Every structure is written in structure tokens, then in C-alpha cells.
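Here, each number is a calculation from the coordinates, and none is a lab measurement. Remember, predicted model here, so these are calculated numbers, not experimental data.
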């Protein structure tokens with residue numbers, strides 16, 4: 001701040017203080033200062049976003065990634081399952097949400113901020129204030145261009161009738 005700016009600010013504060021004294025009844029100056037704005041705080045049960053992510057979903061700050069696979073991420077943390085469910089619900093759009101006493105499953109979910117992936121998210125209660133999040137990437141790879149229907153079946157190892165091309169290589 002420049003010296004002139006500081007002077008103007010000081011003069012303005014003095015003027016406001018003098019006006020406050022004049023308005024007080026009985027000639028006493030009891031004008032209370034305006035309360036300061038409260039710092040940003042989480043509401044009870046609200047979880048803050050962390051830096052770790054599972055296929056684009058930022059897991060809550062109190063969670064740690066326990067295992068990471070090409071199609072699934074497992075994260076554990078100390079939070080109530082209902083708070084974690086609310087956290088996930090605020091960040092995804094799901095085709096279906098199934099809830100039981102120990103688990104909530106979001107199927108056909110996409111992230112609100114980047115809906116390119118299709119996810120299955122499970123919020124699982126592991127006891128008192130211990131919760132696990134399982135995020136599975138169910139995004140299908142794009143189909144190869146220029147293939148006939150028969151060639152697409154062959155890529156999957158099947159005949160157009162859905163029978164295996166080589167019965168000895170069944171999974």
C-alpha cells in the first residue's frame with residue numbers, strides 16, 4: 001500500500017469512528033467493532049477433498065489409497081459412512097443408488113466435473129467411523145472403426161451366434 005493510500009485509509013477510519021461517537025446516546029462512545037467474517041470451516045459431517053484421486057474422483061482428505069489396480073482403487077479412512085455417501089453424492093451423477101445398512105453402491109456413475117468415465121462406487125462401513133471407498137472404472141473402450149459385425153465378434157473370440165471360436169480357451 002502506498003503512503004498516500006495509507007493516509008486516506010486512516011482518515012476514512014477516523015471519520016467513521018467519529019461518526020460512531022456522535023450517534024451513541026448520552027455522549028458515550030460504546031460502538032462495538034463489526035464482527036470479523038468467520039474463516040472457512042467445514043460443517044459437521046462435511047468432508048474436505050484430498051489430493052489423491054480414483055479415476056478422477058478426489059477422495060476425502062482423511063482417506064488414504066490402500067490399493068490401486070488398472071480398473072479399481074481402494075481407499076480407507078476415518079469417517080462416518082453417511083458422510084462419505086453424501087460426499088460422493090455431491091460429486092457424481094449415478095444411474096442407480098442402492099443403499100443397505102453397511103454399504104451404498106453408485107452404479108453407472110459419472111463425475112459432475114468430467115463425465116467421460118463410467119464408474120461404480122461403493123461406500124462400505126468397516127465399523128465405528130471407519131469406511132472404505134471402492135471406485136471401479138467400468139468405462140468401455142471405444143469400438144474399432146471399420147469392422148463388420150462378424151469381425152467384432154471374432155475380436156471377442158466368439159462366433160456371430162455367441163459361441164466360442166475355440167472351446168479349449170474358455171475363461
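Structure values in brief
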read-out	value
Residue satisfying all of: in the range 152-171; closer than 18 Å to residue 141 by Cα and assigned to a helix (DSSP H, G or I); farthest from the chain's Cα centre (by Cα) among these	154
Output for the range 69-120, where each listed residue is more than 13 Å from the chain's Cα centre (by Cα) and in a helix (DSSP H, G or I)	81, 82
